[in-house]
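Everything on this sheet refers to the single structure shown next.
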Amino acid sequence: MEYYAEVTVQLKDGMLDPEGSTIKRALEHLGYSPKDVKSAKKFIITIESESIDKAKDTVDEMCRRLIANPVIHDYSIIMREA
């Protein structure tokens, strides 16, 4: 069966986020008052697997091995059938 994994990767709390800081300043210059802005990346992965649990395990391994740096990133995975 085919599944979609939506992986969101963002910096851990306490890590500097220059992109988020730049967007926050730009929004303030436009007259908005955001309390905070954090940047994140989203990956949509299509995967073939026997079950949704096995697919999620495979995507989690992908994240740990390549997509996210566990020292500086947190990530979340949302799975759904294709």
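Tabulated values for the structure
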quantity: Options Ala40, Ile77, Leu27, ranked by Cα towards positive dipole end of the chain, top entry (Cβ charges); calculated: Leu27
quantity: Computed over the chain, Cα set: Rg, Dmax in Å; calculated: 16.1, 51
quantity: Anchor Lys38: lysines whose Cα lies under 24 Å away (excluding residues fewer than 8 positions away in-chain); calculated: Lys12, Lys24
quantity: Other-chain or far-sequence residues with amide H under 5 Å of Ser39's (modelled H); calculated: Gly20
quantity: Residue-by-residue Karplus 3J(HN,Hα) for the range 68-77, coefficients 6.51, -1.76, 1.60, Hz, glycine and proline x; calculated: 10, 8, x, 6, 10, 10, 10, 9, 10, 10
quantity: Table column - 3J(HN,Hα) (Hz), the range 30-38, Karplus curve with 6.51, -1.76, 1.60, x for Gly and Pro; calculated: 8, x, 8, 10, x, 5, 7, 9, 10
quantity: Phi-based couplings in Hz for the range 39-49 (Karplus 6.51, -1.76, 1.60; Gly and Pro marked x); calculated: 8, 8, 10, 10, 10, 10, 10, 9, 9, 8, 7
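Quick note: the coordinates plus some simple rules give every number you see, no bench work behind them. As the structure is a computational prediction, the values presented were derived from the model and not from experiment. Positions of Cβ are generated from backbone atoms using ideal geometry, with glycine treated the same way; all protein chains shown enter the neighbour counts.
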